[in-house]
Amino acid sequence: WDNADFSRGAGTTFYQEFPTLNTAKPPFVRDVEAKVRRYMRSSYSAAWTLKITWEKAPAYAARTDTRRTITYQAVLTTDGFRSYVLMLYQEGGMRWDYSRLTATNVLIGYT
């Protein structure tokens, strides 16, 4: 996500925090817990979750193409002992023209 360029006024970033220790859990957090349980095959109860959304983000440099944007999210969650990140991309995957990016070693996700 470091190659998104919001300098031309295209795209928006949102975030929402869900502190759920000793409180009722909203449906979004229950869904995150279910995903962690399914993917990690372990019990999990979130104490805190953060959802960050990059909406219609153009690739760097935005001056070259603001039509091919991407919407994606990172969801960080922890139970106080274990922490997880869910990386979610819009249907259809990455739509940036990676051949026009300054870096040639393109990677979706993390290492």
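A few comments on the model shown:
- Considering only residues in the range 1-13 that are open to solvent by 70 Å² or more (accessible area, probe 1.4 Å) and at pLDDT below 75, the one that is nearest to T78 (Cα to Cα) turns out to be W1.
- Test: residue in the range 80-95 that is modelled with pLDDT of 85 or more and either touching a Pro at 6+ places or on another chain (Cβ under 7 Å) or open to solvent by 100 Å² or more (accessible area, probe 1.4 Å) (or both): yes
- Within the range 56-75, restricting attention to residues that are surrounded by fewer than 16 Cβ atoms within 10 Å (Cβ to Cβ) and either of a type outside the set (S, T, N, Q) or over 21 Å from T13 (Cβ atoms) (or both), the residue that is modelled with the highest pLDDT is K56.
- Of the residues making up the range 14-26, those that are open to solvent by 70 Å² or more (accessible area, probe 1.4 Å) and touching a residue at least 12 places away in the same chain (Cβ under 8 Å) number 6.
The values are calculated or read from the model by the stated rules, or taken from the named source; none is laboratory data. It should be emphasised that the depicted structure is a prediction, and the values quoted were computed from it without experimental measurement. As a convention, Cβ positions derive from the backbone with ideal geometry for all residues, glycine included, and neighbour counts pool all protein chains shown. Just the protein is used for accessible areas: all its heavy atoms, side chains included, with ligands, DNA and RNA removed. Shrake-Rupley method; radii C 1.70, N 1.55, O 1.52, S 1.80 Å.
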